[in-house]
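In what follows, a structure is listed as C-alpha cells, so that the remarks can point back to it.
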Amino acid sequence: MQKSNLRIIAGLFMIPAFLLQKNLILMAAQVIFIMVVAVIKGKKVKPVPVLVVLISVVLMNLLQVNGKVLFTIGSFSVTLGALKIGLDKALTLIGMLYVSQYMVSGKPKLPGRFGQLLSKQFLFFEHIVTSWKRPEKGKFIESLDTVLEEMEHIYPDTDLSNGETNILYVKKLEVVTESFFVLCMWVSFMVGLLDIFPWG
Amino acid sequence: MILETVRSMILSSEKTQSVITHIAILAAFSLFLSTVEYMIPKPFPFMRIGLANLPVIIGLSIFTLPELLLLTVLKIVGQGLINGTIFSYIFLFSAGGSLASMVMMYSVYKLMGRFTSFIGISIAGAMTSNAIQLLLAQFILFGSSIWIIAPPFLLMGFITSIFLGIFANVFTRKSRWYADLSTRKKAQDTPLRKTSGTEGGRNSHAEK
C-alpha cells in the first residue's frame, strides 16, 4: 500500500466512530485526541479560530429556545437542548476539520488523469510561491504577469500521461500506529454506548 | 453532457493540452490567492474576501463552460487539500458556494455580458455564493438563527466583490499574459466556433 493513502484509509475508519458518537463529553475527548494526532503528524492547531467556531456556533444555536431552561440573562433564556445541539454541531465541525487535516497530512495523490492534473496545479503553485517577490508600489499586475509568463515557459504543455514517481510504501510500524489511532476512536465510541457519562 | 466534455478534455492528449495547462496555471493562481487571503486577519474564520475567485472571473472570457467547471473543481479540491478541509463540512461550503457562483457568473456573463463589467459579474457571483453558504449553514450548523448574521455577511460579500470586480477589470486591461492568452484562444476558436450574439461579452471586458 502507498504511504500517502494509509492516513486516508485510517481517517475513513475514524469518521464513523466520531460521527456516531452521541455523548458530548466523549465527543469532546475525541476532538482533543484527533487534534493531538494531527499535531503529531505535523499539522498546526490554532486555538483562536477553534474557540471562535465553538463559541459562535453554540451562541447561534442558543438563540433557538429548546428544552429545560438552565438560566436567564435578562430576557434571554439559555436552554439545555439548544446548548447540547450547539455543542454537538460545533464539535462535529471542529473534529471533522482535524480528521481531514490528519487525512491529508500524508500528502495523498489522487489517482488517474485528474490526480495528475492536480499534481500539475501544485507544481505551478509551488513555482508561484517560490518565485513571488514583493512587488514594487503600483507594479502588482506587472509582477503577476512575470510569474504567469514564467510558468508557461518553464513548464510548457507537458503531457499528463507521465508515470508517477517517488512512490513510498507503508512500513509495518506505520500500519500499527495508524491502527492504534483508529482503535482509540472506536473504543471511545464503544464507551459512549455504555451510557456511563452524563450528556449522552 | 458537461461532465462528459470535461472528462474527454482531461483524456485528450494534444489538442487540449494547452488549454489544460492554462487551466492548471489559473487554478494554481487561485491557490496562491487563497493562501494570501488565509494570511489576512478576519474577525470570523468563515468570513471570506473571495480573492481565490479572481481566476474564475478572469477565466470567464477565456474558457468554455466545461473548462470553467474544471478550473472551479481544481480550485475547490486544491484548496481542500492545502487547507486540509477536503473531508470536512467546510469543503461542502466551499464546493457549494464556488460551483453556484461560477454558474451564476457564467450565466450573467453570457446573457448580460455586453451591459455589465466584471464588477457586476463579481457581485452576482458573490451574492450567489453567500446565499448558498447561508443556506448550507442553516441546515448544517446554525439553524434559522443564521439569518441574524445574514445582512452583515451579505454586505461584506457585496463590498469585497466590488473590489474584486475592479481588480479583474484592471487586470484584464493591463495584463500582458491575459492579452496574449485571449488572442491565442481567439485564434484557436475562430475556425471551430462561429461567434454569435449569444456569445455575450467575450473579451469585451478587457476593453472596458
Directionally averaged shadow of region B:2-183, computed from the convex hull of its alpha-carbon atoms, nm²: 10.9 nm²
Solvent accessible area, Å² - residue A:72, 1.4 Å probe, full protein context: 80 Å²
Protein accessible area in region B:2-183, 1.4 Å probe - carbon and sulfur %: 74 percent
Span per principal axis, largest first, for the Cα atoms of chain A (Å): 67, 52, 25
Per residue, in Å², the accessible surface of region B:2-183 once ligands and nucleic acids are set aside, probe 1.4 Å: 39 Å²
222 nm mean residue ellipticity, helices alone, for chain A (DSSP H n ≥ 4; -39,500 (n - 2.57); rounded to 500): -22500 deg cm²/dmol
Simple Cβ-charge dipole of chain A, Lys/Arg +1 and Asp/Glu -1, about Cα centre, in debye nearest 20: 720 debye
Positions from region B:20-35 whose accessible area shrinks by 30 Å² or more when the full protein complex is built, not the chain alone, probe 1.4 Å: B:20, B:21, B:24, B:25, B:28, B:29, B:31, B:32
Rounded tilt (10° steps) of A:172-193 against the dominant C-alpha axis of chain A: 30 degrees
Accessible area that becomes buried as B packs against A, both chains, 1.4 Å probe, Å², nearest 100: 4600 Å²
Given charges at beta-carbon only (K, R positive; D, E negative), |dipole| of region B:2-183 in Debye: 280 debye
Sites residue A:77 and residue A:199 - FRET efficiency at Förster radius 22 Å, r taken between beta-carbons, to 0.05: 0.70
1.4 Å probe, heavy atoms, protein only - residues of region A:67-91 losing at least 50 Å² accessible area vs chain alone: A:89
Residue order for A:195, B:180, A:145 - accessible surface, 1.4 angstrom probe, largest first: A:195, B:180, A:145
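The values are calculated or read from the model by the stated rules, or taken from the named source; none is laboratory data. Since the structure is predicted, the reported quantities are computational estimates derived from the model, not experimental observations. When we count neighbours, we look across all protein chains shown, and the Cβ atoms used for this are built from the backbone with ideal geometry, even at glycine. Protein only, heavy atoms only, side chains kept; ligands, DNA and RNA dropped before computing areas. Shrake-Rupley method; radii C 1.70, N 1.55, O 1.52, S 1.80 Å.
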